[in-house]
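Novice: To start, I am sharing the structure in question, which I have written as structure tokens.
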Amino acid sequence: MKIALGSDHAGFRLKEEVAEMLKEMGHEPLNLGTFSDESVDYPDFAVKVAEAVLDGQAGAGILVCGTGLGMAMSANKVPGIRAAAVSDTFSARAAREHNDANVLCIGARVVGSGLARDIVTAFVSSSFLGGRHARRVAKMTAIEKRFGEVR
Ligand code: RB5
């Protein structure tokens, strides 16, 4: 699967490691930056990855910042994105199976690269289970539509 990757400066090093992990796992990273430790703003990269997922350039996205939180909050502002900030493997799998997450967010200041590898593995190897979960995801989409207009 092609996977769009993005980070800010705090997530840059782990994001580069994730790119290598994905290649080892047989996936194709689409690295959308940032490309150094120089300070940048995480929403700029969250939106790049969100757009790549929505326009079909990538089947999923992975975002890395210090905590994973700012990336998730930013990506979730984009209609159609379901981004999950995750720091354990159980949640990484559930985010896909139950919530049909299309973006995984990781905090480089929260998890080390070993746990990040397991989280990424759990995320990319899991799929949406549908059924009762589809009804709930449809309700999330309905909320997005209802409150999506700028007020
Ligand atoms: C950057 O210092 C930090 O605020 C950012 O990487 C992220 O943790 C925000 O959610």
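The values are calculated or read from the model by the stated rules, or taken from the named source; none is laboratory data. For clarity, every value in this text was computed on a predicted model and none was experimentally measured. Positions of Cβ are backbone-derived with ideal geometry, glycine not excepted, and every protein chain shown enters the neighbour counts.
Novice: In the range 13-40, how many are without any contact (Cβ under 8 Å) to a residue 40 or more places away in the chain and either hydrophobic (A, V, I, L, M, F, W, C) or more than 18 Å from residue 124 (Cα to Cα) (or both)?
Specialist: 11
Novice: Got a sec? Which of 36, 87, 74, 7 is modelled with pLDDT of 95 or more, hydroxyl-bearing (Ser, Thr, Tyr) and closer than 19 Å to residue 140 by Cβ?
Specialist: Result of the check over 36, 87, 74, 7: 74.
Novice: Give me the pairs: first residue in the range 42-68 and at positive phi, second residue part of a loop (DSSP other than H, G, I, E, B) and surrounded by 24 or more Cβ atoms within 10 Å (Cβ to Cβ), beta-carbon distance under 8 Å, and six or more apart or on different chains, which are they?
Specialist: Here the result reads 68/86, each pair linking the range 42-68 to a residue that is part of a loop (DSSP other than H, G, I, E, B) and surrounded by 24 or more Cβ atoms within 10 Å (Cβ to Cβ).
Novice: Please name all residue pairs, on different chains or six or more residues apart, with Cβ atoms under 7 Å, provided the first residue is in the range 121-134 and is under 17 Å from residue 63 (Cβ atoms) and the second residue is hydroxyl-bearing (Ser, Thr, Tyr).
Specialist: That search, which allows pairs on different chains as well, returns 122/89.
Novice: Still on this structure: Do we have any residue at all in the range 112-130 that's modelled with pLDDT of 95 or more, in contact with a strand residue (DSSP E or B) (Cβ under 6 Å, 6 or more places away or on another chain) and within 16 Å of the ligand (Cβ to nearest atom)?
Specialist: Scanning the range 112-130 turns up at least one residue that is modelled with pLDDT of 95 or more, in contact with a strand residue (DSSP E or B) (Cβ under 6 Å, 6 or more places away or on another chain) and within 16 Å of the ligand (Cβ to nearest atom).
Novice: Does any residue in the range 1-12 that is closer than 14 Å to residue 51 by Cβ come within less than 9 Å, Cβ to Cβ, of a residue that is assigned to a strand (DSSP E or B) and polar (S, T, N, Q) six or more places away or on a different chain, and which pairs are these?
Specialist: Sorted first by the residue in the range 1-12, then by its partner, the pairs are 4/31; 5/31; 6/31.
Novice: Could I ask something else about it? Tell me which residues, restricted to the range 20-49, are of a type in the set (Gly, Ala, Ser) and surrounded by fewer than 17 Cβ atoms within 10 Å (Cβ to Cβ).
Specialist: Those that are of a type in the set (Gly, Ala, Ser) and surrounded by fewer than 17 Cβ atoms within 10 Å (Cβ to Cβ): 26, 33, 36, 39.
Novice: So which residues in the range 23-59 are touching a Leu at 6+ places or on another chain (Cβ under 8 Å) and more than 19 Å from residue 81 (Cβ to Cβ), if there are any at all?
Specialist: 28
Novice: Which condition number does residue 97 fail, the rest of (1) touching a residue at least 40 places away in the same chain (Cβ under 8 Å); (2) farther than 18 Å from residue 54 by Cα being met?
Specialist: Unmet condition: (1).
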